[in-house]
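All remarks here apply to the structure that follows.
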Amino acid sequence: MMTSMSTEHAERVERERAFHDERYADDHRGVTEKYYEVDAGRAAFVAALAAVPAGARVLEYGCGTGSSAFDLAARGAIVTGIDISPVAVDAATREAVRRGVPARFVEDDAHRLSLADRSVDVVCGTGVLHHLDLDLALPELARVLDDGGWAVFYEPLGTNPLIRAYRRLTPKLRTPDEHPLVPGDLDLARRHFRRVEASHHTALALAGVVLRRLPGGERVVGALHRLDAWLFRVVPPARWLAWVVVLRLAEPRRPGGPA
């Protein structure tokens with residue numbers, strides 16, 4: 001069974017690596033960029049990273065070409081970015097040199113991190129958890145975070161039926177192993193972290209993809225975001241109609257430690 005599981009894991013990693021090597025060599029996500037332009041979750045993620053102090057040991061998890069690493073390094077954090085794709089790692093390394101920031105990028109598997117126990121103060125990532133086997137990745141996150149450390153992720157949700165339908169119609173935009181997050185994934189996170197906080201973003205505001213180009217469209221999009229926030233507060237189950245979640249994990253559970 002161990003051989004079978006190891007083979008299955010290796011095949012999954014290779015599929016992800018091949019997909020992302022191709023993506024970063026010739027980025028084809030432009031067709032979906034319009035959706036990110038109307039999302040409020042990204043601002044919430046950036047706001048969370050504003051709390052990272054100078055000198056913090058930061059791991060950008062699934063760094064791609066370095067989405068957060070450069071800004072954090074420029075602010076004085078000690079940043080390492082990891083990615084499964086050597087193409088992405090090479091591109092991020094070149095960009096760090098061009099910008100003159102001391103961020104370091106290496107190829108690594110988030111399921112089996114090469115980092116030492118408690119060697120990281122902050123982990124951040126955008127659109128990475130839903131590519132992973134969380135049964136393997138979450139305990140690794142808890143292992144490498146130091147006491148008092150925390151992690152923040154910007155991730156898609158898999159609970160809105162319209163968004164699920166769109167994903168089924170556009171399979172070439174994603175890998176076969178992707179798993180946008182569902183409530184059970186947050187339950188799993190609670191097995192490895194004592195604090196799991198989630199903020200949900202962008203349901204009705206997805207209509208802004210069409211409306212934002214119209215006269216007064218930006219104001220309409222802003223109103224839709226406020227309506228989303230009100231709806232999620234007043235009717236909590238409606239949060240699972242959101243497109244994006246910003247997930248904050250803290251107080252890692254250690255084997256043999258308190259429950």
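Quick notes on this one:
- Local net charge near ARG167, Cβ-Cβ under 12 Å (Lys/Arg +1, Asp/Glu -1): +3
- Simple Cβ-charge dipole of the chain, Lys/Arg +1 and Asp/Glu -1, about Cα centre, in debye nearest 20: 920
- Each of TYR154, TYR166 was scored by other Cβ atoms within 10 Å of its Cβ. Listed from fewest to most, they are TYR166, TYR154.
- In the frame of its principal axes, the range 109-184 has Cα extents of 42, 21, 19 Å, reported largest first.
- Helix-only [θ]222 nm of the chain, DSSP H runs n ≥ 4, -39500 (n - 2.57) each, per residue, nearest 500: -12500 deg cm²/dmol
- Extension gain (nm, one decimal) between ALA165 and ASP133, 0.36 nm per residue minus Cα-Cα: 9.2 nm
- Here the alpha carbons of the chain define both size measures, Rg and Dmax, at 18.5, 60 Å.
- Listed peptides 182-195, 61-74, 139-152 appear in the order 61-74, 139-152, 182-195 once ranked by packing, highest mean of other Cβ atoms within 10 Å at the front.
- Karplus (6.51, -1.76, 1.60) ³J(HN,Hα), θ = phi - 60°, over the range 110-115, in Hz, Gly and Pro reported as x: 5, 6, 9, 5, 7, 7
- Local charge for GLY148 was computed over the other residues whose Cβ lies under 11 Å away, with Lys and Arg +1 and Asp and Glu -1, and equals -3.
- Amide H contacts for PHE105 (H built 1.01 Å from N in the peptide plane; partners 5 or more residues away or on another chain; cut-off under 5 Å): GLY81.
- Charge dipole of the range 2-250 about the Cα centre (unit charges at C-beta), most positive-ward option of VAL101, LEU169, THR7: LEU169
- Environment charge at PRO102 (Cβ cut-off 15 Å; Lys +1, Arg +1, Asp -1, Glu -1): +3
Throughout, read-outs are computed from the coordinates displayed, never taken from laboratory work. Bear in mind that the values here come from a model prediction, so they are computed numbers and not experimental data. Reconstructed Cβ throughout: ideal geometry from the backbone, glycine too, with neighbour counts over all protein chains shown.
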